[in-house]
1. What is the order of Leu15, Leu262, fewest Cβ neighbours within 10 Å to most?
2. If one takes the longest principal axis of the Cα atoms in the chain, at what angle in degrees, from 0 to 90 and to the nearest 10, does the Cα axis of helix 324-351 lie?
3. Take peptides 100-106, 170-176, 236-242 and line them up by average Cβ neighbours within 10 Å, highest first, as a rough protection proxy.
4. Against the longest alpha carbon principal axis of the chain, how many degrees, from 0 to 90 and to the nearest 10, is the axis of helix 102-115 turned?
5. How about the stretch 310-377: which trypsin sites (Lys or Arg not before Pro) there are in a DSSP loop, with at most 10 other Cβ atoms within 10 Å of their Cβ?
6. With each run of n ≥ 4 DSSP H residues scored as -39500 (n - 2.57), what mean residue ellipticity at 222 nm is computed for the chain after dividing by its residue count and rounding to the nearest 500 deg cm²/dmol?
7. Roughly what % of Cα-Cα distances in the chain sit above 37 Å, to the whole percent?
8. Using mean Cβ contacts within 10 Å as the protection proxy, how do 68-74, 150-156, 301-307 order, highest first?
Amino acid sequence: MRTQVAIIGAGPSGLLLGQLLHKAGIDNIIIERQSPDYVLGRIRAGILEQTTVDMLREAGVGPRMDAEGVVHHSIELVFSGVRHAIDVHGLTNGKVVTAYGQTEVTRDLMDARSAAGLTTVYQAADVSVHDFDSEHPKVRYQKDGQNFELECDFIAGCDGFHGICRASVPDGAITEYEKVYPFGWLGVLADVPPVSPHAIVYGNSERGFSLCSMRSLTRSRYYVQCPLTDKAEDWSDQRFWDELRSRLDPDLAERIVTGPTLEKSIAPLRSFVAEPMRFGRMFLAGDAAHIVPPTGAKGLNLAASDVKYLSSAFIEFYAEKSAAGIDTYSQRALARIWKAERFSWWLTTLMHKFPDTGAFGQRMQEAELEYLVNSTAASTVVAENYVGLPLNLGR
């Protein structure tokens, strides 16, 4: 078999890349080791920056998002038992975010790919990438007991943090930067109305971090900071709701609507970046190249900006016979990645209780938060990072 671009991974970054390339007339095949149901079963974030929303519309998968997504103009911060709103819309000259679950984004992209008759190989075993340092890269895999080889012009590694593409890079050709945080997030998904009309409520308390996130007008995602030694089964629904209430202001705690949890899990937090993101004719995108703590709602949005840079580079290569976009892909993507990593790291540090926080550290966090919500300049910095920095960032 042969294609122009072989995409490894059928998550949102791989599917979005495939859809944008298809719209530009560039042939692509997606190779995915899991089943479609497994991919759709991954519970992930759902706050979309304006640039991500624009890309989904460009890809032709915007109608359901526009109909069902909820546009938000503000975020709220809770500390010292008091809630404060930051007018994101007003501080960024009208920019907003949209609450629309990553699962729904993935479903829309899957449906569009299927309707267009494009090839996606699910449940591919023993996937491997070869000769990406030459002009004739290849992807090999097994399917239904048979061996296949896919020849291509380029390989796009959209296969996540544990994927095979980054792992196939030769020793010494890549530098990895990582910070692992000493706590996790216990998250629950429930079909209950959100506690606040705003997309996200961040809570800082002496008991630790909390977050209230809207998925839709009838579905909510809630989190509390917990030790990494905890197990999800240790937390009954009642224990979770009680703990969440204890970390919010009294009015918000009173308004929480509880219900059976659809999903409950504990996620570790880490910051991770791999440099560079290009190796000959293989390119990394999304979680294959970087991870951010979910505090800043940047994971899916960073993957989308990678895809924008990469799809534009491929389109330029085939339409104009120019390698300029390909040659600068890594530099352009990393310029935005590191700024999003900074915001996510800063917000995580500000809102969480660390082992060495202590009483002094708690008061320092509260003092910084007090300054933040009462300073237009400081609030603007938060707002412009929250809605997403521009795609044309310099290094």
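1. On the way: Leu15 29, Leu262 13.
Ascending Cβ contact count within 10 Å gives the list Leu262, Leu15.
2. The helix 324-351 is inclined about 20 degrees to the chain.
3. Details: 100-106: 21.7, 170-176: 9.1, 236-242: 14.3.
Sorting 100-106, 170-176, 236-242 by mean packing, highest first, produces 100-106, 236-242, 170-176.
4. 30 degrees
5. Working: sites: Lys321, Arg332, Arg336, Lys339, Arg342, Lys353, Arg363; in loops: Lys321, Lys353.
Here the trypsin sites (Lys or Arg not before Pro) that fit, given the DSSP loop and packing criteria, are Lys321.
6. On the way: 13 runs with 149 residues, N = 395.
Helices in the chain give a 222 nm mean residue ellipticity of -11500 deg cm²/dmol.
7. In whole percent, the long-distance tail amounts to 22.
8. Details: 68-74: 18.0, 150-156: 22.4, 301-307: 27.4.
Ranking the peptides 68-74, 150-156, 301-307 by packing returns 301-307, 150-156, 68-74.
The numbers here are math on the coordinates, done by the rules we state, and not lab data. Note that the structure is a prediction, hence the values are computed from the model and not measured. Positions of Cβ are backbone-derived with ideal geometry, glycine not excepted, and every protein chain shown enters the neighbour counts.
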